[in-house]
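Reading through the structure tokens given below for one structure.
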Amino acid sequence: MKDNIRLACISAIGVLLFASDARSLSGPFDGKEFKGRIAFSSDGNYNDEDDWGAFPVAVAMLDAFGVKDKLVHVDYCNILPGNDARFYEEMVESVLGAAEKYGIPRSVLFDCQKNLDGAVESIKNAINASSAEDPLYYVLAGPMEVPFRGIVRSDPEKRKYVYCISHSVWNDGYTRADSALHVHNKRDVIPAGINWVQCRDGNRNLAHPGGAGKESTPEQWSLYNWLRDSDDSRLRWIYSRLEEEKRCDISDSTMTYFLLTGDEEANLDKLKRLLGGRRMPQIEKHRKAIRIEAENFRDLGGFTVEYGDRKASHRANVRMGGTGTDRITTKFNDIYTTDGRYDVEVRYFDDKGERSEFRLFVDAVQRGETWMASVDSRSWQSKIIVDVPVKAGDEIMVKFRGDGRETGRLDYVQLDYLGPVVAAARRRQSKASGSEPLDDPDALPGQIIVAGKNPGYLKYNGGGPAFLCGPDNPETFLFLGDLNQDGTRSNGQQQLVIDRLIKSGANAFHCQMFRMRRCNIKDEGDDQHCPFVNFDTKQSLNDAMLDQWDGWISQLEEAGVIIHLEFYNDATDVEMMGWTLDGNGNLHPDEIRMFAGIVERFKHHKNIMWGIEESVNKLPRARTPHFMKLSKLIAQVDNHHHPIVHSFVTPDTSEGDLGKDKVMSDEYIGDPHVRVATWLHVLPHGDDYEAQHGAYLKYSRIDSDRFIVMKNETERFPRTEPQSRIYQWSCAMTGMHALEAGHDVLRRYRLLAANGHIVKFMEQTDFHKMRPLDSLAAGSARWALADPGRSYIAYTYDYSGPMGIRNMPAGTYDLMWFDTIDGNVVTHADVSVGSGDNIWNKPDSVVGNEVALYAKRKEPNSLPSSRYPAGLTDFESVRYGLE
């Protein structure tokens, strides 16, 4: 880096972009002040050694956060039916040793083997001292018996100010192997009025290995060497407590980390930074997902708790005690939450051969439509109700009605926070005409359209620009499952695909409507994959089938997911079955009937982009007039002007199936109806992300002065993170919309979150005015998009120091930092920037090393309006010439 690059100082305080949508923090800790008091409950005296290490780690956290004076009660050795002398001795050593080393007064410590009455009295007193201004947070790392005794003796009016925090179904009182150790469970205290908060099980990240009596391997011990080798004698002592355990298990400390940060994913890296490096982690303003286990609802009605199903969350669920109608209800009173809009997921069991009805109510209002469990899957299913307003104290209720035979089963209700950006984007697509004028009066309000002159950009009609990112598979979505007599499908997992799409935040999907093998030059497809009655192209379109498709499309529309709805599978040549142009160049009547009928049937949806055929260039050049006739027909029928996409396989494809005439997108420059081109089979480059970015950049430039450019498929796309995520960003950073066939919703759904994060970031920028200009990336930034002089996006997959932009004009800028791994956003407003090259350190709360930065100048109007400044060759549109 040259010496004249300035490290710009940001004096403005970073605030979360979501702050304007949030009420006052509901988390007890904001990084400076803890509102309330803390109580601990631990066992350690029988059957499991984990608390010997977990308790000292939890106390060390209180010390690191500066809140140890908030600890008002500790009950320990609280397994009452059994007490092992060695276990008891070791646990006493851990508790008293931690108290001595970290300055915890002995007066708050209660050994339940020696002073049970004192422990119960202390719990009662701590609860009775609670108020709205001074609540009690009770961390439960042992069985429920002792906490139960204290809670039931407390003032019932005070219990609403108590939050019991658990992470373990064993601690909650549900187990088979140790049932004799549990007299009471959490259901004995939840109806009494306390607030139950369940965080994720810490055994996943902080138990090496999990389970009592299992010794850690040398490799697992090495993960904790930072404790052994610390300059802090207290941490070295904690390591010695693990040695007494003979295993590295501090899983119960997960709850304390969650209490102090709102982060349910405590892990060793985070603890090392906190305890070893004394670096304060980010404190959650609000959690992105709040899961309320069904068994934690305040009122279960006639439902009872079941334990043991490994496919249920925490292995627990509730089942209705009889048949008929019933409900479960609770209040939305969790911690680190905010008033706002949420997607609400209800997980329920769909039994064989029976039908049942579910409804969700929030604040006494039914949200979403009633749905049925009727696909006979014999498995847990999810229903997602999108864009639900929820505020603190709202009653959440799930109503169930069986068919006289079925007893309902519920697993959980999960609220996924949208934030104002995502919620507003969805409202832009679904609202009627608002204050913003419609860009296209003939298009539907909020519909996806092409705006502007060639090449234009994708936009929500009357709203903001749209950046598409999402899965391209399963392209057989419409035909998944068992074929019914009327042509519809069942047991096909379409609902699961829809729910996973919605949950991920992705806003794009691709599927096909006609995949008949009889007219495929590669002998691919299925002759039952077409929308005609009896799959006979001479008969009418199948209304039952189209009605089912319409229902799925409607759900995606409601969630703001754009569908690249394509007619023909790749290598389809309908001229093989007689659908040829006649002597006057007219389409075959049956093909006209199919295209016109489907466009007329679905054009009322806002979320459709029409595709004609996947990889049109697998067919000879002689088919080009045929495809142009089809695009003209679509445009004539679709008076709402939905975008039309042409799809091309790259000439680089390893499958070697590019047509003999090597047709490329320039063949369609004269087609006024096609405004979008997408590329398939971009070659992969392994971990060489620069080469991968270059591969996408190559196709982003082809005819980019005529078409909006997308990517739909990368060959042998990575199936793991971080590769998959970085590939998607390397595409987005060319300005090309990024769908991906390698993101199969059914087989690799865990990769989908990156798509949602890309959408979330890009749609907060003016990316549609930018072009790739990697030469402007400064510091550890790798790639850049720019509208020079006005706005910039910089990205890196290996942040190693300050990053930024070269050749910026002086001015005042707003900066937006984005953690591409977890989606965290931090903004800095009114940052003064000097002329030249500028770099900045990322905020501490952007933890990962995959980072995006958006910089927008606040006084751009005095700049020249040219989109393609002289000398910036990165902005050139190119033709792809084939010899």
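The values are calculated or read from the model by the stated rules, or taken from the named source; none is laboratory data. Bear in mind that the values here come from a model prediction, so they are computed numbers and not experimental data. Here the Cβ positions follow ideal geometry from the backbone for every residue, glycine too, while neighbour counts run over all protein chains shown. The area values use the complete protein model at the heavy-atom level, side chains included, leaving out ligands, DNA and RNA. Shrake-Rupley method; radii C 1.70, N 1.55, O 1.52, S 1.80 Å.
Structure summary
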read-out	value
Within segment 307-344, considering residues that are at pLDDT 90 or above and farther than 29 Å from Y257 by Cα, the one nearest to the chain's Cα centre (by Cα)	I328
Test set (1) assigned to a strand (DSSP E or B); (2) open to solvent by less than 10 Å² (accessible area, probe 1.4 Å) - V57 fails condition number	(1)
Residue ID - surrounded by the fewest Cβ atoms within 10 Å (Cβ to Cβ), chosen from residues in segment 701-723 that are at pLDDT below 95 and among the hydroxyl-bearing types (S, T, Y)	T720
Qualifying position, being modelled with pLDDT under 65 and surrounded by fewer than 21 Cβ atoms within 10 Å (Cβ to Cβ), among D403, D387, D376, D363	D376
Only one of F65, F40 that is surrounded by 20 or more Cβ atoms within 10 Å (Cβ to Cβ), touching a residue at least 24 places away in the same chain (Cβ under 8 Å) and out of contact with any Asp or Glu (no Cβ under 9 Å at 6 or more places or on another chain)	F65
Scope segment 202-230; condition touching a strand residue (DSSP E or B) at 6+ places or on another chain (Cβ under 9 Å), outside any helix (DSSP H, G or I) and either aromatic (F, W, Y) or crowded, with 19+ Cβ neighbours inside 10 Å (or both); matching residues	A207, H208, S216, Y224
Test: R347 is under 25 Å from the mean Cα position of the chain (by Cα), within 20 Å of D201 (Cα to Cα) and either open to solvent by 30 Å² or more (accessible area, probe 1.4 Å) or in contact (Cβ under 8 Å) with a residue 40 or more places away in the chain (or both)	yes
Residues of segment 502-520 that turn out to be part of a helix (DSSP H, G or I) and touching a residue at least 40 places away in the same chain (Cβ under 8 Å), as a count	5
Cβ pairs under 7 Å, 6+ apart, first in segment 438-450 and under 9 Å from G462 (Cβ atoms), second open to solvent by less than 30 Å² (accessible area, probe 1.4 Å) and of a type in the set (D, E, K, R)	D439/K459
Test set (1) open to solvent by 10 Å² or more (accessible area, probe 1.4 Å); (2) among the hydrophobic types (A, V, I, L, M, F, W, C); (3) at pLDDT 95 or above - C469 fails condition number	(1)
Tally of residues being out of contact with any Leu (no Cβ under 9 Å at 6 or more places or on another chain) and open to solvent by 50 Å² or more (accessible area, probe 1.4 Å) across segment 263-294	5
Any hit, segment 216-225, residues being farther than 27 Å from E395 by Cα, β-branched (V, I, T) and without any contact (Cβ under 8 Å) to a residue 60 or more places away in the chain	yes
Test: residue in segment 717-730 that is polar (S, T, N, Q) and touching a Leu at 6+ places or on another chain (Cβ under 7 Å)	yes
Residue among D231, D269 that alone is at pLDDT 95 or above and of a type outside the set (S, T, N, Q)	D231
Subset of segment 521-557 [crowded, with 19+ Cβ neighbours inside 10 Å, among the polar types (S, T, N, Q) and in a loop (DSSP other than H, G, I, E, B)]	T537, N542
Conditions (1) out of contact with any helix residue (DSSP H, G or I) (no Cβ under 8 Å at 6 or more places or on another chain); (2) free of Cβ contacts under 8 Å to residues at least 60 places away in the same chain; (3) of a type outside the set (V, I, T); (4) surrounded by fewer than 17 Cβ atoms within 10 Å (Cβ to Cβ); number of the one not met by Y88	(4)
Criterion: closer than 18 Å to H737 by Cα and not hydrophobic (A, V, I, L, M, F, W, C) - qualifying residue of Y668, Y699	Y699
In segment 475-511, the residues that are open to solvent by 10 Å² or more (accessible area, probe 1.4 Å) and within 21 Å of E715 (Cβ to Cβ)	E475, T476
Matching residues in segment 303-330 - criterion: being within 16 Å of Q414 (Cβ to Cβ) and not β-branched (V, I, T)	K311, A312, S313, H314, A316, N317
Contacts under 7 angstrom Cβ, first residue in segment 178-196 being farther than 23 Å from L259 by Cβ, partner basic (K, R), 6 or more apart	P191/R298
The one condition in (1) surrounded by fewer than 22 Cβ atoms within 10 Å (Cβ to Cβ); (2) touching a residue at least 24 places away in the same chain (Cβ under 8 Å) that D75 fails to fulfil	(1)
Qualifying residue in segment 665-673 (condition: part of a loop (DSSP other than H, G, I, E, B) and of a type in the set (S, T, N, Q))	no
Residues (within 13 Å of V450 (Cβ to Cβ), open to solvent by 10 Å² or more (accessible area, probe 1.4 Å) and in contact with a helix residue (DSSP H, G or I) (Cβ under 7 Å, 6 or more places away or on another chain)) located in segment 629-683	H673
Checklist (1) closer than 24 Å to K285 by Cβ; (2) open to solvent by less than 20 Å² (accessible area, probe 1.4 Å); (3) under 22 Å from the mean Cα position of the chain (by Cα) applied to T827, failing item	(2)
Search result, residues across segment 614-628 that are in a helix (DSSP H, G or I) and crowded, with 20+ Cβ neighbours inside 10 Å	V616, N617, K618, R623, H626, F627, M628
In segment 696-726, residue nearest to K769 (Cα to Cα) [restricted to those that are in contact (Cβ under 8 Å) with a residue 40 or more places away in the chain and in a helix (DSSP H, G or I)]	S700
Restricting segment 695-740 to residues that are touching a helix residue (DSSP H, G or I) at 6+ places or on another chain (Cβ under 7 Å) and among the basic types (K, R), the residue that is nearest to E475 (Cα to Cα)	K711
Looking only at segment 91-130, and only at residues there that are under 18 Å from P143 (Cα atoms) and open to solvent by 50 Å² or more (accessible area, probe 1.4 Å), the one that is nearest to the chain's Cα centre (by Cα)	E121
Matching residues in segment 748-775 - criterion: being surrounded by fewer than 20 Cβ atoms within 10 Å (Cβ to Cβ) and without any contact (Cβ under 8 Å) to a residue 60 or more places away in the chain	R748, R750
Selection from segment 460-518 of residues that are under 24 Å from D822 (Cβ atoms) and among the charged types (D, E, K, R)	D499, R500, K503
